[in-house]
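Below: one structure, written as structure tokens.
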Amino acid sequence: MMGETMGIDYGMEAASGPHFSGLRLDGLLSASSASASPRASSAVDAASSFSAISDSAIHKQPFVIGVSGGTASGKTTVCDMIIQQLHDHRVVLVNQDSFYRGLTPEELKHAHEHFLVDAFDTEQLLECIETLKRGQSVHVPIYDFKTHQRRTDSFRQVNASEVIILEGILVFHDQRVRNLMNMKIFVDGDADVRLARRIRRDTVDRGRDLNSVLEQYGKFVKPAFEDFVLPSKKYADVIIPRGGENHVAVDLIVQHIRTKLGQHDLCKIYPNVNVIQSTFQIRGMHTLIRDRDISKHDFIFYSDRLIRLVVEHGLGHLPFAEKQVVTPTASVYIGVDFCKKLCGVSIVRSGESMENALRACCKGIKIGKILIHRDGDNGKQLIYEKLPKDICERHVLLLDPVLATGNSANQAIELLIRKGVPENRIIFLNLISAPEGIHCVFKRFPSLKIVTSEIDVALNEEFRVIPGLGEFGDRYFGTDD
């Protein structure tokens, strides 16, 4: 990873003064009081097997935010504002500056004159974030910018939290670090403003003279920003002009984070899992259809209502084109045109219960059928399929009200892909999903989308969804005992 000038500390504003870091005061420990952080074990494939994933990995996946930007751009201010506004959530801040490598005696002689490659210990930074994501605490080193060495007598203990903010000028440079982030924020500031802030900080807070600050900025800080920091701006999901002065942008980011924290944790692991927003109406309908004593008529009625909501939500994930129409008042309305190339495919026979809702939403839509024999929990034997001949040109809504083990779903998806349907054009619609089924499907097909109304707890030893709603097809079509 490309680093910075030795001792130039472009990102030192994070360590230059007091700011709210989200870390408790008792997190500062001496090295003699605890052992060093162990090296991370090999990463566990979250989709390989549900049983191989601990509860903490499934239910406590933190939301990781990367914050980058140039020196004195206001990164620390933005981080502090986010932390303070997320006061009802556990938040920790990890500074990239903590992971500077110590300089050798030879490097120390030219600490202010040379550009250093691999200034940061990126491997240790990766290990730190991965450990926190697994729900374990870590020991973060403390870097002394006066001696250009890590302190050997103490470190900072950071505990696992709901939100992890990783801040630093080069946190977007390494793809492996970027891949750990759920949101990437670039704090953008005017170059003159950043220089003025740096001059004030270095002369007032650090006792440097103006000439040395300007010389350092011109020789090292500005070129490094242009060569390494600014190019990483393209990876940002959100760009905040004016830094901490932009309260509107920070408020919107905090609102988005709170929405994400309210989602099921599987939505954080798999961004293509979409759970429709829960309301008392939806919870009430789930309460009714899950009641074993409900009448068949009411079961069908409330199931149809929920299915219609899932279908409508699924249609919202289709591509659209802008379209203008003239209203009865002779005004122009700028709207969108529905996706034309679309079809449904139901997994027989429970999936057929979702066809009426799809027809009600999409006039004249073609619907194909796939019948898979469930041999125990394997669900691997294809019995029958009848699909539109041009299905490879269409977006496909795959219909099955319950996603349990995921084996039957995988068989159906595999057939669609063999027929030429691109994986990212398949949207799997269901009422309830088991975590095991979601893992199973996304292990093989990470690019498709799942839209569901609720994610249940787990499968029992009989591979039935718990709490579940029983055999949906039998209850819906009246063939249960």
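Values in this text are rule-based calculations from the coordinates and carry no lab data. For clarity, every value in this text was computed on a predicted model and none was experimentally measured. Glycine also receives a Cβ, built like all others from the backbone with ideal geometry; neighbour counts cover every protein chain displayed.
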In order over the range 234-245: 3J(HN,Hα) from phi, Karplus 6.51/-1.76/1.60, θ = phi - 60°, whole Hz, x for each Gly or Pro, gives 5, 8, 6, 7, 9, 10, 10, x, 6, x, x, 6
Within the range 275-362, DSSP-loop trypsin sites (Lys or Arg not before Pro) with at most 14 other C-beta atoms within 10 Å are R292, K340, K341
Within the range 267-477, the percent of DSSP beta bridges that are antiparallel, given to the nearest 5, stands at 35
Under the Karplus relation with 6.51, -1.76 and 1.60 and θ = phi - 60°, whole-Hz ³J(HN,Hα) for the range 402-416, x at Gly and Pro, equal 10, 9, 9, 6, x, 5, 5, 4, 4, 4, 5, 5, 4, 5, 4
Checked the range 345-448 against the a/c 1.5 cut and the a/b vs b/c comparison, axes a ≥ b ≥ c from its Cα gyration tensor; verdict rounded
For the range 381-423 the trypsin sites (Lys or Arg not before Pro) that pass both the DSSP coil test and the at-most-11 other-Cβ-within-10 Å test are K389
Excluding residues fewer than 8 positions from K219 in its own chain, the lysines with Cα under 27 Å of it are K75, K109, K146, K233, K234
Long-range amide H partners of G70, meaning residues 5 or more apart or on another chain whose placed amide H is closer than 5 Å, are G189
Expressed in angstrom and rounded, the centroid-to-centroid distance over alpha carbons for the range 389-422 and the range 451-481 is 20
Highest mean packing first, using Cβ neighbours within 10 angstrom, the peptides 91-99, 409-417 sort as 91-99, 409-417
Karplus-derived 3J(HN,Hα) from phi for the range 326-335 (6.51 cos²θ - 1.76 cosθ + 1.60, θ = phi - 60°), whole Hz, x at Gly and Pro, runs 9, 7, x, 8, 6, 9, 9, 10, 9, x
Computed for the range 267-477: size of charge dipole around the Cα centre, +1 on C-beta of each Lys and Arg, -1 on C-beta of each Asp and Glu, debye to nearest 20, value 660
Between the alpha carbon centres of the range 280-348 and the range 227-262 the gap in Å comes to 33
